[in-house]
Every structure is written in structure tokens, then in C-alpha cells.
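Inspection log for the structure reproduced underneath, given as C-alpha cells.
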Amino acid sequence: MPTLFLSAPGSGLSRGIVRTFDVRSILISGVAPDYAIATNLIEQVYAGMRVVVFDRDRKEQLEGVVASYTPTVKAENGIQRYDVLLRNCEMVSYSKPPQVNHCGVAIG
């Protein structure tokens, strides 16, 4: 079964606003916000798909399931951004997830 991997850096700029963007805030909100996901990858994402959100620097990781995704705005490079809604999330031991693309996304 494929897994969606999302890297969650500790802070970042999204929609022109600097804000916390970390594993724990995603766990609390149930939303992985504003991920730029290329068309060839988003076509592989579906409700019920396993998801791993991680922070390599802090060695934090959560696992859950994709509930849905909603397009937000386009990134400066033209890639569509999505809020990925999650369910059944829980913090788990960090497991050294695979490499992700420059947007912080992979499917493996």
C-alpha cells in the first residue's frame, strides 16, 4: 500500500505569513497546510491512504490517514498547493523517512 510522506519544517512562509508549521501543530489541527504537490503526485493521493508527516531536525513523526485534500493557492513556481486533511493521527517514533522532493513530498 502506498504512503504519502510530508516533510514538516519547523517554521516557514505560507500565503505571505510566517507561521509555525510543525508536526505537533499538524497533529492538533488535523491539517497539513499548503503543500505544493505536483500533478503526477496528487493524482496518486486518495482518501484512506496512509500518511507520514515528519521533521528530520526535531526527529518527530506522526502517522495517520488522508481524509481528503483541498487546493489552496499556486506556489511561485506554478505548482498547486493543497491542504491535506488527516484523520486517525498519532505521534510515533521517528523512523528516518525516505527522501522527499524539493516541495517536501514523496509517495513510497
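Quick notes on this one:
- Test set (1) assigned to a helix (DSSP H, G or I); (2) within 11 Å of the chain's Cα centre (by Cα) - Tyr35 fails condition number: (1)
- Unique residue being closer than 11 Å to Tyr69 by Cα, surrounded by 18 or more Cβ atoms within 10 Å (Cβ to Cβ) and at pLDDT 70 or above when the list is Tyr35, Tyr46: Tyr35
- Every condition in (1) in contact with a strand residue (DSSP E or B) (Cβ under 7 Å, 6 or more places away or on another chain); (2) not in a strand (DSSP E or B) is met by Asp83 except one, and the failing one is (2).
- For the condition surrounded by fewer than 18 Cβ atoms within 10 Å (Cβ to Cβ) and of a type outside the set (A, V, I, L, M, F, W, C), Gln80 qualifies.
- Phe21 vs. criteria modelled with pLDDT of 95 or more and surrounded by 18 or more Cβ atoms within 10 Å (Cβ to Cβ): no
- Breaking point among (1) under 13 Å from the mean Cα position of the chain (by Cα); (2) hydrophobic (A, V, I, L, M, F, W, C); (3) surrounded by fewer than 18 Cβ atoms within 10 Å (Cβ to Cβ), for Val53: (3)
- Residue match in segment 54-65 (condition: modelled with pLDDT of 95 or more and either among the small types (Gly, Ala, Ser) or more than 16 Å from Ser93 (Cα to Cα) (or both)): yes
- Total residues in segment 42-80 satisfying the condition of being assigned to a loop (DSSP other than H, G, I, E, B) and either under 17 Å from Ile107 (Cβ atoms) or not acidic (Asp, Glu) (or both): the figure is 14.
The values are calculated or read from the model by the stated rules, or taken from the named source; none is laboratory data. Source: prediction; values computed, not measured. Here Cβ is always computed from backbone atoms with ideal geometry, including for glycine, and neighbour counts include all displayed protein chains.
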